[in-house]
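Below is one structure, written out as structure tokens, with a few remarks after it.
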Amino acid sequence: ALQDDKRRTPDFAGIASIKGSLVFWRGDFEAAEHYARLGLDFSEDMNYYGDRSACQGLLSYVMSMNGDYAGARELCELAIQDELFDISAISVLWGMALACCGLCDDESAAEALRTCLHKARHNLHSPLFQILCLPLAAILAARAGEYEQAAGLLALAYAQPPDITGWMDRWSLLAEVRRDLEEHLGADRFGAAWERGASLALDAVVAHLLDG
């Protein structure tokens with residue numbers, strides 16, 4: 001449990017955003033929203049090390065999962081206005097890419113995703129956020145007609161531990177894209193692309209996405 005009101009420190013909102021992100025990736029959107037609002041209520045007009053922005057990013061994830069992609073994008077645009085440390089910026093950029101995928105604004109989604117991937121790989125050396133970008137990259141690849149690449153990206157994402165893939169199972173847009181891929185490719189080609197993708201090295205896949 002988070003600290004009670006009397007013992008809260010200036011980094012309380014940051015702690016809330018971290019705890020909320022962990023439960024979000026497991027697929028518990030209700031708990032994630034609870035932590036996001038706790039952090040936002042605490043921070044009010046204070047953005048200590050970008051912690052308020054991180055909580056706004058977290059809340060945007062939940063809004064996107066609930067279908068409010070426009071509201072999620074607006075929240076991320078608000079959050080990114082401040083100059084942020086990479087650890088806060090990356091969470092907001094991921095939220096922006098997520099929302100833009102839902103809005104079918106593929107150009108903006110690709111821009112946010114690329115910046116997020118760059119920071120994750122080169123600045124923070126974070127495999128976690130590189131993995132989290134894979135389903136979004138898969139959606140963009142599918143929309144560009146790169147069906148086998150999209151299936152492979154999805155396979156690599158789903159090959160990760162359930163603690164970071166639970167959210168994917170509850171996102172209706174991703175389920176729709178997966179069904180469309182199976183339909184476009186057929187069972188055999190889809191299965192082969194999935195098998196190949198699941199065995200790929202994350203570093204090589206991310207390097208290819210950044211070079212593309």
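This table checks each residue for (1) under 13 Å from the mean Cα position of the chain (by Cα); (2) open to solvent by 50 Å² or more (accessible area, probe 1.4 Å); (3) within 19 Å of GLN56 (Cβ to Cβ).
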residue	(1), (2), (3)
CYS76	yes, no, yes
ALA79	no, no, yes
PHE85	no, yes, yes
ALA89	yes, no, yes
GLY95	yes, no, yes
ARG121	no, yes, no
GLN130	yes, no, no
LEU134	yes, no, no
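Answer with yes or no whether ALA155 is in contact (Cβ under 8 Å) with a residue 24 or more places away in the chain and aliphatic (A, V, I, L, M). So ALA155 fits the description; yes. Selection of region 16-34 for residues being open to solvent by less than 50 Å² (accessible area, probe 1.4 Å) and free of Cβ contacts under 8 Å to residues at least 24 places away in the same chain yields VAL23, ALA31. Scanning region 103-114 for residues that are without any contact (Cβ under 8 Å) to a residue 40 or more places away in the chain and open to solvent by 40 Å² or more (accessible area, probe 1.4 Å) turns up LEU103, CYS104, ASP105, ASP106, GLU107, ALA110, GLU111. Evaluation of LEU117 against the conditions (1) touching a residue at least 40 places away in the same chain (Cβ under 8 Å); (2) open to solvent by less than 10 Å² (accessible area, probe 1.4 Å); (3) out of contact with any Gly (no Cβ under 7 Å at 6 or more places or on another chain); (4) closer than 24 Å to ASN66 by Cα shows that the sole unmet condition is (4). Restricting attention to region 160-198, and to residues there that are in contact (Cβ under 8 Å) with a residue 40 or more places away in the chain and not in a helix (DSSP H, G or I), which single residue is farthest from HIS118 (Cα to Cα)? Among them, the one singled out is ARG170. The set of residues in region 163-206 that are over 15 Å from the mean Cα position of the chain (by Cα) and loosely packed, with under 14 Cβ neighbours inside 10 Å comprises ALA175, GLU176, ARG179, GLU183, GLY186, ALA187, ASP188, GLU195, SER199, ALA201, ASP203, ALA204. Taking the listed residues GLY57, GLY71, the one that is free of Cβ contacts under 8 Å to residues at least 60 places away in the same chain, open to solvent by less than 30 Å² (accessible area, probe 1.4 Å) and within 12 Å of the chain's Cα centre (by Cα) is GLY57, with no other qualifying.
The values are calculated or read from the model by the stated rules, or taken from the named source; none is laboratory data. The shown structure was predicted, so the numbers you read here are calculated from the model rather than taken from an experiment. Ideal geometry is used to build each Cβ from the backbone, glycine not excepted, and the neighbour counts take in all protein chains shown. Just so you know, the surface numbers come from the protein's heavy atoms only, side chains and all, with ligands and any DNA or RNA stripped out. Shrake-Rupley method; radii C 1.70, N 1.55, O 1.52, S 1.80 Å.
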